[in-house]
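A short reminder: the numbers here are calculations on the coordinates, not readings from a lab. Quick caveat, the model's predicted, so the values are computed rather than measured. Cβ sites come from the backbone with ideal geometry, for glycine too, and all protein chains shown count toward neighbours.
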Amino acid sequence: MKTKQFSRQDFQNAAEFIARNTHHRPRIGLVLGSGFGEFAEAIEDADIIPYADIPHFPRSTVEGHKGRLVIGRMEGQTIMVMQGRVHFYEGFSMEEVTFPIRVMRAFGVESLILTNAAGGLNPEFRTGDIMMIEDQINLLGLVGNNPLMGPNDPELGPRFPDMSTLYDRRMRELAVSVAAEIGLTLRRGVYVGLSGPAFETPAEVRMLRALGADATGMSTTNESLVARHGGMRVLGFSGITNEAIDAIDTPRVTSHEEVLETGKVLVPRMVGLLRGILRRWDEVA
Ligand code: HPA
């Protein structure tokens, strides 16, 4: 599959466009997944830039994804927030899916927090839980759809980046400490990234569990890889919006409506956690 290869100049141009439209210079980036867009509404002194205005930026087509950058302050930190993301299943190439991450990097963002809605695979997980991503399985990448495929620009990152610690240890420790402080039960586990858009069959759910995954979703793994390739520190959280169905012929079904509906229950929990992390950011800065 041959797709458009963006150059360093393209990332730079987009970053410069953003810089012309905000006086903020954030070092922290946050991607808000399905249902979590509301978090961005609380950002103070916000500059809002629709994705459609930014050169090359992909535009989200999915309900629950607003499609704009919100740059401002929260809990004393300056932050760049992606209110919605695009997905591979929408027909975007891996390059397009991860374009915003490279732009954030070019802008000067050093630490990235990724959030998503995910199905719980771990039988102990319940709808409404938040799982901190300790590690990931990029199933798409393993079978030939890795976002780092193609010519490598060594200015952006190494050809063969190490991924032994993809999710930053100190940031994870901070998240665990913040969760304890605010009385939030924080699950931890492995996120497996698939393409979607169909939800998994029960046989696939059992397979993913056997592979060692605790939660499954249709995003995040590509963004985290590209961020780490570019030397960013990465932290990730999955909001468990549904318990994956592991047997055929049950009365249950999985739906996007369910995902968005549970998202509402999860929002205050996710917001509390993210706010707490920003409040204590200096501990990992
Ligand atoms: N599977 C894949 N992606 C998802 C799910 C799921 O069960 N729930 C929310 N996103």
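Some observations on this one:
- For the chain, DSSP calls about 35 percent of its internal beta bridges antiparallel.
- MRE, 222 nm, helices only [DSSP H, n ≥ 4, -39500 (n - 2.57), over the chain, to nearest 500]: -9500 deg cm²/dmol
- Under 18 Å from a label point set 7 Å out along the Cα-to-Cβ vector of Val265, the amide N atoms of segment 203-242 belong to 215-216, 238-242.
- Shown in residue order for segment 275-285 are the 3J(HN,Hα) couplings computed by the Karplus curve 6.51 cos²θ - 1.76 cosθ + 1.60 at θ = phi - 60°: 4, x, 5, 5, 4, 10, 4, 4, 5, 10, 5 Hz (x for Gly and Pro).
- Using a Förster distance of 35 Å, the FRET efficiency for Glu257-Arg159 (Cβ separation, nearest 0.05): 0.25
- Segment 152-163 - phi-based ³J(HN,Hα) in whole Hz, Karplus 6.51/-1.76/1.60, Gly and Pro as x: 9, 8, x, 5, 8, x, x, 4, 10, x, 5, 10
- Cα-centre dipole for the chain with unit charges at Cβ (Lys and Arg positive, Asp and Glu negative), debye to 20: 520
- Modelled label reach - Asn145, point 7 Å along Cα→Cβ, segment 109-131 residues with backbone N closer than 19 Å: 116-119
- Evaluating 6.51 cos²θ - 1.76 cosθ + 1.60 at θ = phi - 60° for every residue in segment 46-58, the Karplus couplings come out as 7, 9, 10, 10, x, 3, 4, 7, 8, x, 6, 5, x Hz, glycine and proline recorded as x.
- Selection from Val192, Leu32, Ile113 lying farthest towards where the dipole of segment 8-283 points positive, charges on Cβ: Ile113
- Between Asp45 and His23, the simple label model (points 7 Å from Cα in the Cβ direction) yields a spacing of 0.8 nm.
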